[in-house]
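The values are calculated or read from the model by the stated rules, or taken from the named source; none is laboratory data. Everything quoted here is computed from the prediction, not taken from an experiment. No Cβ is skipped: glycine too gets one built from the backbone with ideal geometry, and neighbour counts run over all protein chains shown.
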Amino acid sequence: DMRLASCRKAMNERGIDYLVLSSPENIYYLSGFITKGYYVFQALVVTHTSDPFLVVRRYEQVNVERLSYYRNAAIWQDTDVPAEVLARALVDLGALGKTVGVDANSMFLTVNAYETLRAALPGTNFVNASTILERCR
């Protein structure tokens, strides 16, 4: 997919190992995933080597399978802290100590979620990657 290739090229140019997108428009642009439940925590994680995957509420799992180009998802329950589910997924991918770009201008990445990520991934360099997809479009 040209969009994903362009995104990965931009990530490489900026030294970003992992990209966490949280705005619905960026998630849709890269994955095709769209939902009326955009008001709850969701994210798309892009790496250089594997298919992107979504972090979504359990009730969105069917929509991931039906609407997204990518079927992989980390699912959170209503009793979970969604940012902790994202953090565990990033740790499992090997993001600890690497550079993670975040959608810092997105109103969907709350301060609490960002602080949860930082606390769960000590030594990880978080950078503002809000404009990365705008340049790719």
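For the reader, a short list of remarks on this structure follows.
- Condition check for VAL85: part of a helix (DSSP H, G or I) and touching a strand residue (DSSP E or B) at 6+ places or on another chain (Cβ under 8 Å): yes
- Once the stretch 12-35 is narrowed to residues that are farther than 19 Å from GLU65 by Cα and among the acidic types (Asp, Glu), the residue that is surrounded by the most Cβ atoms within 10 Å (Cβ to Cβ) is ASP17.
- Candidates VAL102, VAL40, VAL46, VAL55 - the one that is aliphatic (A, V, I, L, M) and free of Cβ contacts under 8 Å to residues at least 40 places away in the same chain: VAL55
- Filtering the stretch 51-75 to residues that are over 20 Å from ALA113 (Cβ atoms) and in contact with a helix residue (DSSP H, G or I) (Cβ under 8 Å, 6 or more places away or on another chain) leaves SER68, TYR69, TYR70, ARG71.
- Subset of the stretch 1-53 [modelled with pLDDT of 95 or more and on the phi > 0 side of the Ramachandran plot]: GLY15
- Among the residues of the stretch 92-106, none qualifies, meaning not one is surrounded by fewer than 18 Cβ atoms within 10 Å (Cβ to Cβ), among the aliphatic types (A, V, I, L, M) and more than 18 Å from PHE126 (Cβ to Cβ).
- Condition check for VAL56: of a type outside the set (D, E, K, R), at negative phi and at pLDDT 95 or above: no
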